Amino acid sequence: MLSCRFTILTAMLAASLAAAAQTSTTLKDAYRSSFHVGAAINEAQIAGTDARGAEIAATQFDSITPENVLKWERVHPKPGVYSFDLPDKYVAFGEKHHMFIVGHCLVWHSQVPDWVFEDGTGKPLTRDALLKRLRDHIFTVVGRYKGRIQSWDVVNEALNDDGTLRQSKWLKIIGDDYIEKAFEYAHEADPQAQLNYNDYSLENEAKGRGAIALIEKLQAEGIPVAAVGIQGHDSLDWPSIEQEDASIAAFAKLGVKVAISELDIDVLPPVAPGSADVSMTLKADPKLDPYVNGLPDAVQEALAKRYAALFRVYLKHRAELSRVTFWGVTDGDSWRNNWPVRGRTSYPLLFDRSGQPKQAFYAVIQAAARPGLSHGSDAIPIEGR
């Protein structure tokens, strides 16, 4: 009986996808009344050398995030030296296409040059000196785009998996109030910008509790946190739909908006479910890269079902969500191709390496057309459930 029902529901999905494929609906149009749908765009798309990727971004999405060009090592590579050519083009791209523009990110433990934390002799800076350097950076970068970048990921990945504060150089030199200071500086630089805390694995109980405690602490101190970014580096079976639902609800209960800020779904053999620790590296292993010749139809279908199930949760929480942003435009752009094993062939997004929409794309479009479908007894089942 269950097998028969699964077959029927799979056929229903196939029919729905076929119908959606005949339409010219874009992602941004499908979700216009619910939340922004965005993508992280890379240097080639910003510069125009990847015209195909830039066209997909302009056509399908109404929000953008810069993958790298506003990170400290790119925008502020040396003392007193700023590189604004690509960030300027990034903002201009968003304005040209009437997009909600996100700045990513002001404070992170990664992709920060060593000089940021050192004096002229290579010794660690004092607290006051590093705070001044942080303030100058934020005022210069945020101030340049005041009124043009609508939302900033102010602090990125400040928590360990157990919910405690990461022992970054920011924490060791300044103390745990570096987070408060970063938000204060960003708010001073652009009082109208939406300011976000952004992290991965917030669906896990310990880290989620730590993030809630952090936001409550900032709120108690009058720090203007407008949104929490749940990154959404997911797999086919993590987080569960119940975890995703509960996580969004828990942060919304604090009175902040929620952004699904870096969405992708790993279909490869899991190596660290829920993690997005960029420092993790593993040796190449053919068992970890099984789809070098293309994604099997069964996995394409599982990916489509997984995306549809997640978007039904997002639609349930449409009043609390500000945006859902995919971390990349096509599969070929994804950071997952090189993490934690370099050179893997990954398939985590809605557009394939040739820029064509995948089955998952049509499943996401169809989810918007059937927002009342729950993940309960009437739902198209997720792989493994």
Based on the Cα coordinates of the stretch 150-261, what is the per residue volume of their convex hull in Å³?
95 Å³
When you count, for each residue, the other Cβ atoms within 10 Å and take the mean per peptide, how do 253-260, 349-356, 324-331, 33-40 rank with the highest first?
324-331, 33-40, 253-260, 349-356
The chain - mean residue ellipticity at 222 nm from DSSP helices (-39,500 (n - 2.57) per run, n ≥ 4, rounded to 500)
-12000 deg cm²/dmol
Given Cβ point charges of +1 (Lys, Arg) and -1 (Asp, Glu) and nothing else, what value in debye, to the nearest 20, does the dipole of the chain about its Cα centre take?
380 debye
Ranked from highest to lowest mean number of other Cβ atoms within 10 Å per residue, what is the order of the peptides 188-197, 125-134?
188-197, 125-134
Any chance you could tell me what percent of the C-alpha pair distances in the stretch 35-368 go past 30 Å?
33 percent
Most mobile listed residue (ARG370, ARG209, ARG312) in the chain, GNM with C-alpha springs under 10 Å:
ARG370
Taking just the C-alpha trace of the stretch 284-346, give me its Rg and Dmax in Å.
14.7, 44
Percent antiparallel among DSSP beta bridges confined to the chain, rounded to 5, stands at 10 percent
Counting only DSSP beta bridges with both residues in the stretch 9-168, tell me the antiparallel percent, nearest 5.
25 percent
So for the stretch 38-94, what are the equivalent ellipsoid semi-axes in whole Å, largest first, each being the square root of 5 times an eigenvalue of the Cα gyration tensor?
23, 10, 8
hull vol. (C-alpha, convex hull) per residue for the stretch 74-166, Å³ -> 114 Å³
Given R₀ = 35 Å, FRET efficiency for SER83-SER33 by Cβ-Cβ distance, to 0.05?
0.35
Nearest 10 degrees, 0 to 90: helix 2-21 Cα axis against the chain principal axis
70 degrees
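FYI, it's all coordinate maths here, none of it is from the lab. These numbers come from a predicted model, not from an experiment. Cβ sites come from the backbone with ideal geometry, for glycine too, and all protein chains shown count toward neighbours.
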